[in-house]
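What follows draws every value from the coordinates through simple rules; no lab data is involved. What you see is a predicted model; the values in this text were computed from it and never measured. With ideal geometry, Cβ positions are generated from the backbone for all residues, glycine too; neighbour counts draw on all protein chains shown.
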Amino acid sequence: MGKEIYDMLREKPEITPKEINGAMDFALEQVRDNLKDFTYSFKRAFSEQGFYTPTENVNWTTGFWTGQVWLAWEWARKQGQRELADELKKAGEVHIDSFLDRICHKREVDHHDMGFLYSPSCVAGYKLTGSEKGREAAVKAADQLITRFHPVGEFIQAWGPMDQPENYRFIIDCLLNLPLLYWASQETGDEKYREIAEKHIHTAIANVIREDYSTWHTFFMNMETGAPDHGATCQGYRDGSAWARGQAWGVYGTAMAYRYTGRKEYIEDFKHVTGYFLEHLPLDLVPYWDLEFGEGSDEPRDSSSASIAACGMLEMAGYMDQKEGEYYKGIARKIMKSVADNYAVKSPKESNGLVLHSTYSKKSPYNTCTPEGVDECNIWGDYFYMEALTRLAGEWNPYW
Ligand code: GLY
């Protein structure tokens, strides 16, 4: 769209408090109906023809299902639905047992996604209900995460064995894994987690934002010298394009970077990265899977990026003066109106998820991803939809 988006945004309707409540009530029902199939198992990362199937506690994504259970628990309590809240709490506790077992046995934890796994599940369970098992599991997960820190280059490596140049890189998504480290320092009194998080944030933000404020998905560092080497995509359309979800992780990630460091330059980074995101939205404010594609494209959307970016704007709005904060809150309300009206599931017959039209990984001639979950629900899209609505409904203490 370019700069004309700002004129168009002025005309867009905002989601109303009544619509937020209606959307959350439906999400609560959907989560409750899912407990029968997904208490002793987890939802897979993405649906198939609208329906999730069960999986063990594997992959980087299961925390988002437990996160939905905790958001539903908070909503049920707010509505005075005590029995339902108890049912949800029990499910959350079963999940926490599974997460503790997973980290104790180090099952599929040899990657950087400890924050995505353990913040919305175990940190949330500890913050909300005082779960000691949740606390133990999340501290162990933070210990696991810092094993991936490279002092040469000062970053947390995303994937793969630690001693190969082809894996010597971080990815923009990791900014959302770092709140786990800040939480661990606060809980244990040990500063090592915070120090590592801060170094990673600095390295990541210094290198991942391009001159035009689009972002690299992944960035390689020189293994010998630690100097920045080059950016590359994995899930975006091509190296030089802006993968929609990467840009959305950048919006939320810069907001989180400011929350935890208080460094004013991250507010400016947030505004630039958010500006690029907004200026590349189509008319209905929900991006295609890569921001290369604009209004009228046949490419699939990634609705999860819309909700993630809205959460980032709502987070950052809390640190701005009232006028500026209201501006970003207003945009978040407009984006969420479109997600709720045009993308959210309206009936359990249609899907057992919450939001349709997300794209996990789409193969292009130029990227290196494995294609999966194209134009489906995905589990973080459902989670961030609920998180954005929860933030819009009133005060909320983040799980991050
Ligand atoms: N963090 C991986 C993704 O956003 O697909």
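Exposed loop sites are taken as trypsin sites (Lys or Arg not before Pro) in a DSSP loop (any state but H, G, I, E or B) with at most 15 other beta carbon atoms within 10 Å; the longest stretch of the chain without one runs 108-209. Among the GluC sites (Glu not before Pro) found in region 238-308, those both in a DSSP coil and sparsely packed, with 13 or fewer other Cβ atoms within 10 Å of their Cβ, are GLU295.
Rounded to the nearest 20 Debye, what is the dipole magnitude of region 291-371 about its Cα centre when Lys and Arg each give +1 and Asp and Glu each give -1 at the C-beta?
On the way: 10 positive and 11 negative charges, 59 e Å.
So the dipole magnitude of region 291-371 works out to roughly 280 debye.
When a/c reaches 1.5 or more, the comparison of a/b and b/c decides; with that in mind, is region 196-296 rounded, prolate or oblate per its Cα gyration tensor? It comes out oblate by the Cα gyration axes. Net length available on complete extension from LYS18 to GLU350 is 117.2 nm, with 0.36 nm assigned per residue and the Cα-Cα distance removed. Label-to-label distance, GLU56 versus THR129, with points set 7 angstrom from Cα along the beta-carbon direction: 2.4 nm.
How much length is gained on full extension from HIS202 to ASP143, taking 0.36 nm per residue of separation minus their Cα-Cα distance?
On the way: separation 59, 0.36 × 59 = 21.24 nm, distance 2.03 nm.
Fully extending the segment from HIS202 to ASP143 adds 19.2 nm.
Sequence-distant contacts, meaning Cα pairs under 8 Å at least 6 residues apart, place the relative contact order of the chain at 19 percent.
Would you kindly calculate the translational diffusion coefficient of region 241-400, applying Stokes-Einstein with the Kirkwood radius from alpha carbon pairs, for 37 °C and a viscosity of 0.692 mPa s, and quote it in µm² s⁻¹ without decimals? In µm²/s, the coefficient is 207. Sparse packing (at most 12 other Cβ atoms within 10 Å of the Cβ) combined with a DSSP loop state is found for the following GluC sites (Glu not before Pro) in region 195-250: GLU211, GLU224.
Taking the Cβ-Cβ separation of GLU48 and ASP7 as r and a Förster radius of 41 Å, what is the calculated FRET efficiency to the nearest 0.05?
Efficiency for this residue pair is about 0.55.
The relative contact order of region 220-287 comes to 19 percent, based on Cα pairs under 8 Å that sit 6 or more residues apart.
Relative contact order for region 124-281: what percent, with Cα pairs under 8 Å and sequence separation of 6 or more?
On the way: 233 pairs, mean separation 31.6, N = 158.
Result for region 124-281 is 20 percent.
Given axes a ≥ b ≥ c from the Cα gyration tensor, I'd like to know whether region 160-220 is rounded (a/c under 1.5), prolate (a/b larger than b/c) or oblate. Spell out each step's value before the answer.
Values: a/c = 2.72, a/b = 1.51, b/c = 1.80.
Oblate, since a/c reaches 1.5 and b/c is not below a/b.
Using a/c under 1.5 as the rounded threshold, could you call the chain rounded, prolate or oblate? The axes a ≥ b ≥ c are square roots of the C-alpha gyration tensor eigenvalues, and prolate needs a/b larger than b/c, oblate otherwise. Since a/c stays below 1.5, the shape of the chain is classed as rounded. Extending 7 Å from Cα along the Cβ direction at THR370 and again at GLU395 yields two label points whose distance is 4.5 nm.
Place +1 on the Cβ of every Lys and Arg and -1 on the Cβ of every Asp and Glu in region 217-353, take the dipole about the Cα centre, and give the residue among GLY253, GLN235, LEU291 whose Cα lies farthest towards its positive end. It is GLY253.
For the pair THR225 and VAL152, label points projected 7 Å from Cα toward Cβ lie 1.3 nm apart. Taking amide H positions as modeled 1.01 Å from N, with prolines and chain starts lacking one, the residues under 5 Å from ILE156 and 5 or more places away or on another chain are HIS150.
Subtracting the Cα-Cα distance of ASP110 and GLN322 from their residue separation scaled by 0.36 nm leaves 72.1 nm.
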